[in-house]
Structures are given as C-alpha cells and as structure tokens.
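Input: a single structure, listed below in structure tokens.
The values are calculated or read from the model by the stated rules, or taken from the named source; none is laboratory data. This structure is a prediction, so every number in the text was calculated from the model and none was measured. Using ideal geometry, Cβ is built from the backbone for each residue, glycine included, and neighbour counts are taken over all protein chains shown. These area figures cover heavy atoms from the full protein model, side chains too; ligands, DNA and RNA do not enter into them. Shrake-Rupley method; radii C 1.70, N 1.55, O 1.52, S 1.80 Å.
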Amino acid sequence: MNDDLRRWDEEAEHWAKDSESKRLLARILINYALTQFEADFRNKKVLDAGCGEGTYTETIQNLGAEVIGLDGSPKMVEIAQNRRPKINFVVGDLLDRLDFPDKNFDTLTSLNVLMSLPSVDMFLSEASRLIKSDGSLIICVFHPALNEPTTKLYNTWWRRVRRKPAVGIVYSYFLRTNNRRDDFGVRPWPFYHRTIEEYSAYFRKHGFVIETIFEPHTIPAVVLQNHPKLKYATRIPRFIFFKLIQH
C-alpha cells in the first residue's frame, strides 16, 4: 500500500463520519449531477472506482444500476459494506491492474478521485480495458480553475456587513502542488492539481473523447434557506464532470 492510500485507510473512519455531518455542498451538487447521467446508469452494469464510504455508489444504484463499489482502502470498503449491505464493495488499487475481465462494464465512474492519484495513466488504461465499446466513463474532479489550491474564497467581515457575496480569488491556476489541507485531520491530504488542458490530454492519450462537460451549480431553494452561505456555489462551480466515450 502506497503512502497516499495508507493515509486514506488511516483516516477512513473520520472521513466516513464527516461525510454524514459535513460536505453537504458536495453531496447536493454531485448527486444532482449524477441524475443528469441517468441513461448511463439505468439497467447498466457500473463500476464506481474510488467509492470511499459509498455515498455516491448508493446514488448510482438508486438510479437503476447494477453497481460495484471499489476502493483502495480496505477500511473504507469495510465501512461502505457495513453501511450499504445490499451493494457489493471490493478492494482494488487504482494505481494497479484491476481484477475484472475485459469489457465488463457499461459505465465506469470516478467521483472526486483523480485529484488524489499521483498518476492517472494506469486508471485510464484500465478504464479503457474494462468499459464496453459503446460504454462511458464519467469523471468528477474538484474544478481545477475554481477550487483550492488555485482559487481561494474571499468573504471578509466587511464584505459580509455590506451584504457582498463571496468571490473567488485566483492564486495560480498553473500551480504545481501535491498537498492540500482539508477540514479535518492534522496532516495534508494527497492532492495532485491538474489543469483542464492536462486532463483532456490524458483522456485523449488513452483513447477517450469528451462527449459532455457539466459544471453542477443547482442548489434547491429549501437548502439555501437553511444554509444561505452555500449560495456562492450557484455562481462559482466547485466541481466539473467529464463524460468520456471511446473512439
């Protein structure tokens, strides 16, 4: 187990606990985005690669898929399986060859995972092998241009007093970094920033073309009433989805 994966395994319980009490914005935006790809899930065989505690794996199942959740952290897989016993979760390292036959899945998803991989070549190579010729690969990452560490949210007390909305201050979109700090834990989380241009080049290298780009920014009014601070995410996209097909 590499150092990055060991970090996730050590903090699996903390991550899973916080997935229930925090990350409301991520859950809202990503769950909504997944509904936009329902045709890729309904009555399809799906692999959710890098599934973590299984939150989005369950969403995919609810959209009509026969889904398997896969994660490199044995502890995370254990938590996911205990929470969602009706879904099959397995251990597999995305930096290695996966234990599935060729052309085994209609759809493969990777949701907020690629930023934690030091290299995406093996994952994309395996995705190309595992997806049927008419299948799709759906990837979500933190928006490279509009998220930490390249963009910081700026909303001082003076701006709040004047009822000014939060804005994004760009530090360096072309920043090269492999560490960031999350909202819990004492050590930096594995994080590898890549630009949209770089992602596109990696996709093309492994035989994929981008069919759809989707930047979710829809938040239900009832959520905004209870959590008005989240309104900035209706103006500044925090995540970006790529639907890829093979050519």
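So, in segment 53-70, of the ones that are in contact (Cβ under 8 Å) with a residue 40 or more places away in the chain and open to solvent by less than 20 Å² (accessible area, probe 1.4 Å), which residue ends up farthest from the chain's Cα centre (by Cα)?
Result: A65.
Test N147 against the criterion of being at pLDDT 95 or above, not in a strand (DSSP E or B) and not aromatic (F, W, Y), and give yes or no.
no
Which one is nearest to the chain's Cα centre (by Cα), of the residues in segment 101-130 that are in a strand (DSSP E or B) and within 23 Å of Y192 (Cβ to Cβ)?
Looking at the filtered set, the residue picked out is L111.
Looking at (1) touching a residue at least 60 places away in the same chain (Cβ under 8 Å); (2) touching an Asp or Glu at 6+ places or on another chain (Cβ under 9 Å); (3) open to solvent by 30 Å² or more (accessible area, probe 1.4 Å), can you tell me which one N112 breaks?
Result: N112 fails condition (2) only.
Determine which member of the set R6, R97 is among the basic types (K, R), at pLDDT 95 or above and surrounded by fewer than 22 Cβ atoms within 10 Å (Cβ to Cβ).
Checking each option against the conditions leaves just R97.
If you take the residues of segment 1-42 that are of a type in the set (A, V, I, L, M, F, W, C) and not in a helix (DSSP H, G or I), which of them is farthest from I219 (Cα to Cα)?
M1
Consider segment 218-247. How many of its residues are of a type in the set (D, E, K, R) and open to solvent by less than 40 Å² (accessible area, probe 1.4 Å)?
2
In segment 197-246, how many are part of a strand (DSSP E or B) and either within 25 Å of V170 (Cβ to Cβ) or at pLDDT 95 or above (or both)?
Residues that pass the stated criteria total 14.
Please verify whether S125 is modelled with pLDDT of 95 or more and either open to solvent by 30 Å² or more (accessible area, probe 1.4 Å) or closer than 30 Å to I169 by Cβ (or both), treating the condition exactly as stated.
Yes; evaluated as a whole, the condition is true for this residue.
Across segment 43-66, what is the number of residues that are farther than 20 Å from L124 by Cβ and assigned to a strand (DSSP E or B)?
So the count comes out to 1.
Please enumerate the residues belonging to segment 9-50 that are open to solvent by less than 10 Å² (accessible area, probe 1.4 Å) and within 12 Å of the chain's Cα centre (by Cα).
Answer for segment 9-50, where residues must be open to solvent by less than 10 Å² (accessible area, probe 1.4 Å) and within 12 Å of the chain's Cα centre (by Cα): L29, I30, A33, L34, D48, A49.
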